[in-house]
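Dropping a structure here in structure tokens format, bear with me for questions.
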Amino acid sequence: MLREAFADFVNQEVAPNAAKWDSEDHCPVELFPKMGELGILGVFVPEEYGGVGLGHTERVIALEEIARHSAGLAMFVFTHQLGVAALLEFGNEAQKKKYLPSLCSGEKITGLGTTEPGGGSDLLGAATTAEAKDGGWMIRGRKCFITNSHTADYAMITAKSGTDEKGRNLLSVFLIEKGAEGFNPGRKENKMGLRGSVTGELIMDHVFVAEDQVIGALGKGYGVASKVIGEVGRASMAAISVGILRGCLEESVRFSNKRIVYGKPISKLQAIQFHIAEIRLAYEAARLLLYRAAKRKDDGKSAVAECSLAKYYGTEAAASAAKRTIELMGAYGIVNEYPTGRFLRDALTSISSGGTSEIQKLIIAGDTLKQYAV
Amino acid sequence: MQILVCVKPVPDPEKYDLLMIDPETRRLIREGIPTVINPADKNALEAALRIKDTTEASITVLSMAPDFCADRIRECLAMGADEAYLLSDIRFGGADTYATSRTLMKGIETIGLAPDLILAGNESADGATAHVPVQLAEWLGLPHIANVSSIERDTRAGQAPGAASWIIHKKAEQGHIRYRARPPILLSVERNSNRPRIVSALGVVKSKKKKLEILRFDALDVSSDTVGYAGSPTKAGALSIPDLSRTGQRVAGTPAEIAAAFMDIIKKSI
């Protein structure tokens with residue numbers, strides 16, 4: 001019933017507008033309160049903080065349904081949920097009570113920013129610094145490729161707040177409120193895919209944040225960011241890819257049943273059936289990997305490797321499936337009246353979001369070398 | 001205020017091209033077709049929920065349907081209804097509108113409901129007779145208005161609390177008819193008269209804690225010859241599929257002979 005409820009919302013509010021949001025690169029912030037009311041934003045947050053009290057499995061169900069029609073909107077939603085997850089898992093009680101209700105209701109928007117011009121996966125190499133000052137922290141630096149950069153009311157960012165005894169950087173996570181002096185969004189990217197979600201820079205020019213805006217323990221920001229991105233973020237990217245795969249599957253079946261060539265629907269042709277079988281297999285496999293990873297997270301087990309498996313396989317498979325769907329449709333596949341071009345652009349863009357395929361393989365290999373050592 | 005909403009699970013109207021009729025029993029073959037709440041009944045439920053949004057009210061949902069429809073009834077609870085009753089028994093199967101409305105009336109008696117408002121969809125998407133709501137009103141001895149497009153609270157000065165009356169708009173062939181009505185009354189609500197709310201995730205969670213009681217034949221004060229197929233005066237007639245096949249016929253001769261032959265064929269066919 002929950003999936004049906006999410007699908008009802010998507011069919012009414014998302015599907016009719018997805019192509020427009022994509023072509024105009026419009027981020028539908030106006031839908032946020034509605035999504036909050038329906039429980040999509042805080043589905044995994046306990047009721048006492050304004051959420052629904054379910055889990056990450058239900059969260060990725062919602063993302064899959066949204067991404068079936070608008071991967072860009074799903075990107076916007078899940079990045080918000082990254083910030084929510086960071087607060088929920090690492091925030092103190094006062095921070096949870098202060099921030100989570102308005103984030104679950106959609107009144108406020110958040111996100112998590114770690115990537116810098118020097119790279120996204122090299123978290124510890126961050127150039128952004130936080131210096132203790134006047135009972136709080138002075139932050140200086142620049143983040144790039146940050147989703148929700150221009151829409152977030154509360155930006156959560158990582159910054160170097162010190163070094164350990166071996167001289168290695170120690171990161172902390174800071175919550176910066178929109179409008180803070182010296183804090184501004186910078187360049188806004190014109191992306192190939194996942195349009196409708198805003199991606200851009202965050203500029204911190206001597207931004208002061210109070211002590212109570214540190215999320216998680218001081219100096220433990222690497223753990224906060226890597227856990228939230230590794231589990232919540234990558235499961236979300238996997239959910240987006242599963243949504244795109246379902247879109248490819250449904251469009252392939254719909255088109256091939258309607259398109260008549262040589263006096264019969266092309267779905268009767270073996271060459272077309274091979275395409276459909278491959279897309280179905282990719283969809284089912286990606287879905288199983290995703291829901292296994294989400295279940296592990298809900299069970300309180302580490303799901304970093306499982307999320308990487310799901311993200312790597314799902315995003316690559318979605319790109320292949322989108323290409324197959326375009327091939328299956330012939331000339332119609334490249335016409336923007338159909339969503340297939342959007343599927344391909346969204347799938348390709350998903351590959352580098354939340355860690356490239358190469359980074360996922362490193363994580364998978366690292367886990368495999370431990371798990372399967374004999 | 002107590003509001004009763006009668007709902008009917010029906011085969012998804014968007015999948016009607018997949019529906020078949022069993023030539024033996026002359027009933028719909030529903031296997032493989034998803035079941036949904038009848039769209040007009042959702043409009044009726046939404047009308048009730050809008051009253052509840054602004055007034056102290058409790059909403060009970062009542063349906064007669066097989067057990068597998070319980071999930072659909074729970075969807076009504078997820079939308080915001082407070083409790084639900086499902087009249088479900090093999091002996092209720094095959095009922096026409098007469099037996100259905102009578103069984104619903106017996107269900108209301110058994111539950112002990114005395115609703116101020118009874119709302120139902122104007123007609124079901126599958127049967128489309130529009131009989132059941134008005135028949136139910138007759139069984140209960142209540143006034144009824146069909147084709148209702150809107151329900152508003154009568155806010156005239158001097159209304160005593162608890163003696164709410166309603167302004168009802170009914171769609172007519174030419175325009176609308178406006179009624180002022182006092183409860184108890186039964187209203188059958190037009191399809192698309194409002195936009196039913198989308199079920200929220202929290203609604204789904206809460207629905208699992210709400211009462212959904214299944215009442216069997218034995219719980220109702222009925223006899224087997226008054227319910228289901230046995231209690232239904234309507235019997236389906238013969239089923240036939242019209243022959244729409246086409247055949248070609250070659251006409252030869254001089255142009256005048258061909259024209260005369262065509263005229264002859266046309267005259268015979270009309």
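Scan the stretch A:284-325 for residues that are β-branched (Val, Ile, Thr), more than 19 Å from A:LYS227 (Cβ to Cβ) and under 16 Å from the mean Cα position of the chain (by Cα) and jot them down.
A:THR315, the sole residue that qualifies.
Given (1) open to solvent by 50 Å² or more (accessible area, probe 1.4 Å); (2) part of a strand (DSSP E or B), identify the lone condition not met by A:ALA130.
The number of the failed condition is (1).
With the condition kept exactly as written, say whether any residue in the stretch A:35-55 is in contact with a helix residue (DSSP H, G or I) (Cβ under 9 Å, 6 or more places away or on another chain), more than 12 Å from every other protein chain (Cβ to nearest Cβ), open to solvent by 40 Å² or more (accessible area, probe 1.4 Å) and among the small types (Gly, Ala, Ser). Break it down into steps so the answer makes sense when it comes.
So the first thing to find is which residues in the stretch A:35-55 are in contact with a helix residue (DSSP H, G or I) (Cβ under 9 Å, 6 or more places away or on another chain), and the list is A:35-55.
Next, only the ones that are more than 12 Å from every other protein chain (Cβ to nearest Cβ) stay: A:48-49.
Filter again for open to solvent by 40 Å² or more (accessible area, probe 1.4 Å), leaving A:48.
Restricting the remaining residues to those that are among the small types (Gly, Ala, Ser) gives none.
No, every residue in the stretch A:35-55 fails to be in contact with a helix residue (DSSP H, G or I) (Cβ under 9 Å, 6 or more places away or on another chain), more than 12 Å from every other protein chain (Cβ to nearest Cβ), open to solvent by 40 Å² or more (accessible area, probe 1.4 Å) and among the small types (Gly, Ala, Ser).
Give all pairs with beta carbons closer than 6 Å in which a residue from the stretch B:194-205 that is more than 8 Å from chain A (Cβ to nearest Cβ) meets a residue that is open to solvent by 20 Å² or more (accessible area, probe 1.4 Å); count only pairs at least 6 apart in sequence or on separate chains.
B:PRO196/B:LYS42
Which residue out of A:THR110, A:THR57 is in contact with a Phe, Trp or Tyr (Cβ under 6 Å, 6 or more places away or on another chain) and under 18 Å from A:MET237 (Cα atoms)?
Answer to the check: A:THR110.
Sticking with this structure for a sec: Would you check which residues across the stretch A:110-127 are under 24 Å from A:LYS34 (Cα atoms) and open to solvent by less than 10 Å² (accessible area, probe 1.4 Å) and list them?
Across the stretch A:110-127, the qualifying residues are A:THR110, A:GLY111.
Still on this structure, I have one more. Which of the strands (runs of 3 or more DSSP E) found entirely inside the stretch B:123-226 contain at least 2 residues meeting this: within 29 Å of B:GLY93 (Cβ to Cβ) and open to solvent by less than 50 Å² (accessible area, probe 1.4 Å)?
Ranges flagged: B:185-189, B:211-215.
List the strands (runs of 3 or more DSSP E) inside the stretch A:159-232, counting only whole elements, that have at least 1 residues being of a type in the set (Ser, Thr, Tyr). Outline the logic, then answer.
On the way: elements: A:169-177, A:183-188, A:199-210.
By residue number, A:169-177, A:199-210.
From A:ALA286, A:ALA303, which residue is surrounded by 15 or more Cβ atoms within 10 Å (Cβ to Cβ), in contact (Cβ under 8 Å) with a residue 12 or more places away in the chain, within 19 Å of A:THR340 (Cβ to Cβ) and not aromatic (Phe, Trp, Tyr)? Step through it out loud before you land on a result.
Details: A:ALA303 fails: within 19 Å of A:THR340 (Cβ to Cβ).
Unique residue meeting the criteria: A:ALA286.
Between A:LEU73, A:LEU87, A:LEU82, A:LEU112, which is in contact (Cβ under 8 Å) with a residue 40 or more places away in the chain, among the aliphatic types (A, V, I, L, M) and not in a helix (DSSP H, G or I)?
Criteria check complete, one pass: A:LEU112.
Mind listing just one residue for me: the one in the stretch A:7-34 that is open to solvent by less than 10 Å² (accessible area, probe 1.4 Å) and more than 8 Å from every other protein chain (Cβ to nearest Cβ) and, of those, farthest from A:GLY200 (Cα to Cα)?
That would be A:VAL10.
Only one of A:ILE272, A:ILE279, A:ILE266 is crowded, with 17+ Cβ neighbours inside 10 Å, closer than 30 Å to A:GLY55 by Cβ and β-branched (Val, Ile, Thr); which?
A:ILE279
While we're on this one: Of the numbered conditions (1) in a helix (DSSP H, G or I); (2) within 29 Å of A:ALA235 (Cβ to Cβ), A:MET329 fails exactly one; give the number of that condition.
Just one mismatch for A:MET329, condition (2).
The values are calculated or read from the model by the stated rules, or taken from the named source; none is laboratory data. Values in this document were obtained by computation on a predicted structure and should not be read as measured data. Note that each Cβ is placed from the backbone with ideal geometry, even for glycine, and that neighbours are counted across all protein chains shown. Calculation scope for accessible area: heavy atoms of the full protein, side chains included, ligands and nucleic acids excluded. Shrake-Rupley method; radii C 1.70, N 1.55, O 1.52, S 1.80 Å.
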